[in-house]
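The values are calculated or read from the model by the stated rules, or taken from the named source; none is laboratory data. Values in this document were obtained by computation on a predicted structure and should not be read as measured data. FYI the Cβ positions are ideal-geometry reconstructions off the backbone, even for glycines, and counts take in every protein chain you see.
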Protein chains: 2
Amino acid sequence: MTATGLKDMLGREGLTPVDKAVALLLQNLTTLPLQREILPLPAALDRILALEILSPEDLPAHPRSTMDGYAVRAADTFGAAQTMPCYLEIDGEVAMGQTPEGKVQQGKCFRIATGGLLPEGSDAVVMFEHTVPVDASMLEVIKSVGSGSNIIHKGEDISKAEMALPRGHRLRPQDLGLLAGLGITEVEVYRRVKVGILSTGDELVHWSRTPEPGQIRDINGVVLAGLAGRAGAEVTDYGITPDTETAFFESVQRAVSENNIVLFSGGSSVGMRDLGERVIEKLGSPGILVHGVALKPGKPVIIGLSGQCAIFGLPGHPVSAMVCYEIFVKQALAQLSGITAAARKTPVLQARLDRNLNSAAGRLDLVRVQLLQQEDDLPLASPVLGKSGSISTLSRADGYFFIEESLQGLNKDTEVEVHLLS
Amino acid sequence: MTATGLKDMLGREGLTPVDKAVALLLQNLTTLPLQREILPLPAALDRILALEILSPEDLPAHPRSTMDGYAVRAADTFGAAQTMPCYLEIDGEVAMGQTPEGKVQQGKCFRIATGGLLPEGSDAVVMFEHTVPVDASMLEVIKSVGSGSNIIHKGEDISKAEMALPRGHRLRPQDLGLLAGLGITEVEVYRRVKVGILSTGDELVHWSRTPEPGQIRDINGVVLAGLAGRAGAEVTDYGITPDTETAFFESVQRAVSENNIVLFSGGSSVGMRDLGERVIEKLGSPGILVHGVALKPGKPVIIGLSGQCAIFGLPGHPVSAMVCYEIFVKQALAQLSGITAAARKTPVLQARLDRNLNSAAGRLDLVRVQLLQQEDDLPLASPVLGKSGSISTLSRADGYFFIEESLQGLNKDTEVEVHLLS
């Protein structure tokens, strides 16, 4: 795929292919410093580790039983079977939460529960189910065990100095569990990315107001705030800004000074595009990185960088704005959040296209779909048709897939990779 | 699949097949009343709609332009082409956010921007790119348009009284966008489900404390709180409760009186199982629904219902506890959250097993896996081996798949459906 020959509708060259635009964006963000903070364990849920974590100790710290039963010397049980049981003297009991007293001698055993610390002398546990108590002090063992059976060894879960979690990893509940198990009570994570959101357009009114004829309620502010908030950003909503260059410049300038990422929407259709471009250039270097991409919907997006703040001029149509968020802003937010590229992959779901679809070569087409479960086959991907100004099509969509730049369409029954909008 | 012939290791029948246990659980929860509350739009993100929402109006309320260009009578442009343009008089302009003044007469047009309200008389918009201005008052049109071109009709996004969102739907950012567009400023949603969490076991200490030999740090409390919190529940952590029947009963009783779901872990291994059972039965009817399932790991789970509170006795091993959460608690939480069964499906990802795996017939095996991306093929699913007491195996896992009860294993290269632990 190359930019050569990609022209916009005015015949101007310069529409940037999507993967090139993403690469250019991320490359420009790599130099930006990421800030860190230290958080206690529960508050660190879903945050991104700023440092690799090595295990400070062996887990478990001592060998433990993984079953309810009897701690034995495995050799004492060799040959034991239903038809030829062996007999062991019950010589003690491991109390939960305590160090066992005494030592398991040859021909003897200790009662032990799951999680109990393996007493000295023993090297295996015979499950309760494979024993028959003869009396209070004598046990019949009806199945032999090998050394190490039904125990978890010292350091078997994770050993001292082993890597517990890599830098750039998002802390899931089970990861907090591992840290808790290791006695790590606080962790260094990256700070939340600050995202400022503005809507522009003289026709817009806040969604809580009743629009006059000719006016419409602002939709993008709500959608973008929800998307960025869910992704872990600290969102500031700067509301609706008038279309005049002075007012718009001042609003964006303020937002840029207070955030790591600024999103404005509505200022990047052909008519408004120059204003967005001028304002980004005026805010300082490096300025515009990309204006116009070979993507449908979403073509008129503008991407810029002013000092350490990434600026996105998103199309005003709700569908186009959300598509540009998904393809460009999400990546930038992930990178500035400190998530490693490897950990940034979003799951895709295989589905089968339910009709023939046409597409123009030379641009990436994003197709919204509903997914319909099928018996004994992949789910059906059914395109949600509708204009890019139609918010209901986004609300009806379960996800989207791409038609590559090199293709002029896809046939019914083609397998497609659906990115979920969940 | 049937329960007949499913026996536990003591030869006792009564291990319930997993799908039967889930069905029994959900069936018992259907009768419980769900509470509701009214929330303003932004606060309703990720909450579950308690009522179907019908559109109160047409969106858009008036036909609008979807392009920058000129509002025309389509018939005036018929036959227009690059080689044979037609000429229209520019008779006005639609100001953004205003009702257009006047009417488009035959042979005339109005300048209009994207989102502009279509002026009376016109029925289409010619894109700016398909025109050449002759002078300030005359336009050359080089491509004809059909009636309705480049406009979005009144009610085309969604029409009055059409269903906007179904009951039981989780409100995503794009759904809030639709509601904002329709001027719906608050919605009735189900209340958050209250989940109380207890850990039991005399060997447990809080993860912030240094364990003595024989003691271990509580892991399940952190993991379960994270999982339930992420799923939208209001979580109360009741900490670690002693194993004695009196103390344990009082703790569970208090948690049951304050929550919709109570999870205790550690009290359901063979040794502790009777205590958990006795306590649930003592708390009142209907009591125990399931004790012991044909599942590995997770077999000793106990599921009960006391009045309107679901009670889960989860195994003490972290892996088993999380598996039982994934299979049973998650479903109960979704149902008590008001999410419809159809909306409850979790995405699965097709992957290819990287080795042969054995499994015992008659029980459902849950296999944790790491996913490794491959060029030109499904990702590889590589089982994460390790004991069910090993929390690091959960932290290393990207997801899990099942080996069905009827199978004795799976061959290398089998396609498996991986549920993501993201």
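Given the stretch B:246-345, what strands (runs of 3 or more DSSP E) lie entirely inside it while holding 2 or more residues that are under 26 Å from the mean Cα position of the chain (by Cα)? I'd like the intermediate steps shown before the answer.
Values: elements: B:261-265, B:286-291, B:302-306, B:309-314.
The strands (runs of 3 or more DSSP E) meeting that bar are B:261-265, B:302-306, B:309-314.
In the stretch B:134-150, how many are without any contact (Cβ under 8 Å) to a residue 40 or more places away in the chain and within 14 Å of chain A (Cβ to nearest Cβ)?
Taking the stretch B:134-150 as the starting set, the residues that turn out to be without any contact (Cβ under 8 Å) to a residue 40 or more places away in the chain are B:135.
Subsequent filtering for residues that are within 14 Å of chain A (Cβ to nearest Cβ) retains none.
Total satisfying the criteria: 0.
Tell me which of these B:V125 doesn't satisfy, since it passes every other one: (1) at pLDDT 95 or above; (2) over 19 Å from A:Q215 (Cα atoms); (3) in a strand (DSSP E or B); (4) within 14 Å of chain A (Cβ to nearest Cβ).
The single condition B:V125 does not satisfy is (2).
Would it be correct to say that A:A381 is of a type in the set (A, V, I, L, M, F, W, C), touching a Phe, Trp or Tyr at 6+ places or on another chain (Cβ under 8 Å) and touching a residue at least 60 places away in the same chain (Cβ under 8 Å)?
Details: of a type in the set (A, V, I, L, M, F, W, C): yes; touching a Phe, Trp or Tyr at 6+ places or on another chain (Cβ under 8 Å): yes; touching a residue at least 60 places away in the same chain (Cβ under 8 Å): no.
No: the conditions fail for A:A381.
Which one of these is modelled with pLDDT of 90 or more, assigned by TED's automatic domain parsing to the domain that holds A:I280, among the small types (G, A, S) and over 30 Å from B:L59 (Cα atoms): A:S306, A:S406, A:S320? Before you say what the answer is, go through the steps one by one.
Details: A:S406 fails: assigned by TED's automatic domain parsing to the domain that holds A:I280; A:S320 fails: over 30 Å from B:L59 (Cα atoms).
Testing whether each residue is modelled with pLDDT of 90 or more, assigned by TED's automatic domain parsing to the domain that holds A:I280, among the small types (G, A, S) and over 30 Å from B:L59 (Cα atoms) leaves just A:S306.
State all residues of the stretch B:63-90 that are within 14 Å of another protein chain (Cβ to nearest Cβ), assigned to a strand (DSSP E or B) and under 16 Å from B:E120 (Cβ atoms); if no residue qualifies, say none.
Taking the stretch B:63-90 and keeping what is within 14 Å of another protein chain (Cβ to nearest Cβ), we get B:63-71, B:82.
Among the residues that remain, those that are also assigned to a strand (DSSP E or B) are: B:64-65, B:69-71.
Scanning the stretch B:63-90 gives B:R64, B:S65, B:Y70, B:A71.
Conditions first: (1) small (G, A, S); (2) at pLDDT 95 or above; (3) on the phi > 0 side of the Ramachandran plot. B:G97 passes all but one, so which condition is the exception?
For B:G97, the exception is condition (2).
Taking B:L378 as meeting all but one of (1) modelled with pLDDT of 95 or more; (2) more than 29 Å from A:I152 (Cα to Cα); (3) in contact with a Lys or Arg (Cβ under 7 Å, 6 or more places away or on another chain), write down the number of the exception.
Of everything listed in (1) modelled with pLDDT of 95 or more; (2) more than 29 Å from A:I152 (Cα to Cα); (3) in contact with a Lys or Arg (Cβ under 7 Å, 6 or more places away or on another chain), B:L378 misses just condition (1).
Considering only residues of the stretch A:91-104 that are crowded, with 17+ Cβ neighbours inside 10 Å and either among the small types (G, A, S) or more than 14 Å from every other protein chain (Cβ to nearest Cβ) (or both), which is nearest to B:D202 (Cα to Cα)?
Among them, the one singled out is A:G97.
Return yes or no: is A:G232 at pLDDT 95 or above, within 22 Å of the chain's Cα centre (by Cα), on the phi > 0 side of the Ramachandran plot and not assigned by TED's automatic domain parsing to the domain that holds A:L394? If you could, list the steps in order and put the result at the bottom.
Working: at pLDDT 95 or above: yes; within 22 Å of the chain's Cα centre (by Cα): yes; on the phi > 0 side of the Ramachandran plot: yes; not assigned by TED's automatic domain parsing to the domain that holds A:L394: yes.
So A:G232 fits the description; yes.
Can you tell me which residue among B:Q308, B:Q350 is at the interface with chain A (Cβ under 10 Å from one of its Cβ atoms) and in contact (Cβ under 8 Å) with a residue 12 or more places away in the chain? Please lay out each step first, then the result.
On the way: B:Q308 fails: at the interface with chain A (Cβ under 10 Å from one of its Cβ atoms).
Answer to the check: B:Q350.
Look at A:L41 and say whether it is surrounded by fewer than 19 Cβ atoms within 10 Å (Cβ to Cβ), within 13 Å of chain B (Cβ to nearest Cβ), within 30 Å of A:G115 (Cβ to Cβ) and modelled with pLDDT of 95 or more. It would help to see each step written out before you state the result.
Values: surrounded by fewer than 19 Cβ atoms within 10 Å (Cβ to Cβ): no; within 13 Å of chain B (Cβ to nearest Cβ): yes; within 30 Å of A:G115 (Cβ to Cβ): yes; modelled with pLDDT of 95 or more: yes.
So A:L41 does not fit the description; no.
For the structure I just gave you, tell me whether B:G287 is assigned by TED's automatic domain parsing to the domain that holds B:G232, in contact with a Leu (Cβ under 8 Å, 6 or more places away or on another chain) and without any contact (Cβ under 8 Å) to a residue 24 or more places away in the chain.
Values: assigned by TED's automatic domain parsing to the domain that holds B:G232: yes; in contact with a Leu (Cβ under 8 Å, 6 or more places away or on another chain): yes; without any contact (Cβ under 8 Å) to a residue 24 or more places away in the chain: yes.
Here the answer is yes, as B:G287 does meet what is asked.
Within the stretch B:138-175, restricting attention to residues that are of a type in the set (S, T, Y) and either closer than 27 Å to A:P318 by Cβ or at pLDDT below 95 (or both), which residue is surrounded by the most Cβ atoms within 10 Å (Cβ to Cβ)?
The first filter runs over the stretch B:138-175 and keeps only residues of a type in the set (S, T, Y), leaving B:144, B:147, B:149, B:159.
Subset that is either closer than 27 Å to A:P318 by Cβ or at pLDDT below 95 (or both): B:147, B:149, B:159.
Details: B:S147: 11, B:S149: 19, B:S159: 14.
Here the residue is B:S149.
Keeping to the stretch B:219-245, report how many residues are assigned to a helix (DSSP H, G or I), among the acidic types (D, E) and within 13 Å of chain A (Cβ to nearest Cβ).
First pass over the stretch B:219-245, keeping only residues assigned to a helix (DSSP H, G or I): B:220-230, B:245.
Going one step further and asking which of them are among the acidic types (D, E), we end up with B:245.
Of the ones still in play, those that are also within 13 Å of chain A (Cβ to nearest Cβ) are none.
Summing the residues that are assigned to a helix (DSSP H, G or I), among the acidic types (D, E) and within 13 Å of chain A (Cβ to nearest Cβ) in the stretch B:219-245 gives 0.
Return the residues of the stretch A:176-215 that are of a type in the set (G, A, S) and buried (at least 24 other Cβ atoms within 10 Å of the Cβ); say none if nothing qualifies. Give the derivation first.
Our first condition is that a residue be of a type in the set (G, A, S); within the stretch A:176-215, this holds for A:177, A:180-181, A:183, A:196, A:199, A:201, A:208, A:214.
Residues satisfying the conditions are A:G177, A:A180, A:G181, A:G196, A:S199, A:G201.
Got a sec? Which of B:A343, B:A332 is closer than 30 Å to B:T31 by Cα and either within 9 Å of another protein chain (Cβ to nearest Cβ) or in contact with a helix residue (DSSP H, G or I) (Cβ under 7 Å, 6 or more places away or on another chain) (or both)? Working first, answer last.
Values: B:A343 fails: either within 9 Å of another protein chain (Cβ to nearest Cβ) or in contact with a helix residue (DSSP H, G or I) (Cβ under 7 Å, 6 or more places away or on another chain) (or both).
The unique qualifying residue is B:A332.
Give the stretch A:19-36 a look and list any residue that's among the hydroxyl-bearing types (S, T, Y) and more than 21 Å from the chain's Cα centre (by Cα), or say none. Break it down into steps so the answer makes sense when it comes.
Start the filter on the stretch A:19-36 by keeping residues that are among the hydroxyl-bearing types (S, T, Y), which leaves A:30-31.
Hit for the stretch A:19-36 is A:T31, nothing else.
How many of the residues in the stretch A:105-122 are more than 14 Å from every other protein chain (Cβ to nearest Cβ), part of a loop (DSSP other than H, G, I, E, B) and surrounded by 13 or more Cβ atoms within 10 Å (Cβ to Cβ)? Walk me through it before giving the result.
Initially, the stretch A:105-122 is screened for residues more than 14 Å from every other protein chain (Cβ to nearest Cβ), giving A:105-109, A:121-122.
Next, only the ones that are part of a loop (DSSP other than H, G, I, E, B) stay: A:105-107, A:121-122.
Filter once more, keeping what is surrounded by 13 or more Cβ atoms within 10 Å (Cβ to Cβ): A:105, A:107, A:121-122.
Adding up the residues that qualify gives 4.
Out of the residues in the stretch B:365-396 meeting the condition of being aliphatic (A, V, I, L, M) and surrounded by fewer than 24 Cβ atoms within 10 Å (Cβ to Cβ), tell me which one is nearest to B:E326 (Cα to Cα).
Kept after step one, since they are aliphatic (A, V, I, L, M), are these residues of the stretch B:365-396: B:366-367, B:369, B:371-372, B:378, B:380-381, B:384-385, B:391, B:394.
From what's left, surrounded by fewer than 24 Cβ atoms within 10 Å (Cβ to Cβ): B:366-367, B:371-372, B:378, B:380, B:384-385.
On the way: B:L366: 11, B:V367: 13, B:L371: 19, B:L372: 23, B:L378: 24, B:L380: 22, B:V384: 17, B:L385: 19 Å.
So the residue we want is B:L366.
Looking at A:R352, A:R344, can you tell me which residue is among the basic types (K, R) and more than 16 Å from A:Y400 (Cα to Cα)? Break it down into steps so the answer makes sense when it comes.
On the way: A:R352 fails: more than 16 Å from A:Y400 (Cα to Cα).
Of the residues listed, the single one that is among the basic types (K, R) and more than 16 Å from A:Y400 (Cα to Cα) is A:R344.
Can you report the number of residues in the stretch B:222-232 which are crowded, with 23+ Cβ neighbours inside 10 Å and touching a residue at least 40 places away in the same chain (Cβ under 8 Å)?
Here the count works out to 4.
Residues in the stretch B:188-218 that are more than 7 Å from chain A (Cβ to nearest Cβ), of a type in the set (A, V, I, L, M) and either in contact with a Lys or Arg (Cβ under 9 Å, 6 or more places away or on another chain) or part of a loop (DSSP other than H, G, I, E, B) (or both): how many?
4
Please find, among A:D218, A:D274, the residue that is under 22 Å from B:D68 (Cβ atoms), buried (at least 18 other Cβ atoms within 10 Å of the Cβ), in the same structural domain as A:C309 (by TED's automatic domain parsing) and among the acidic types (D, E).
Working: A:D274 fails: buried (at least 18 other Cβ atoms within 10 Å of the Cβ).
On inspection, the qualifying residue turns out to be A:D218.
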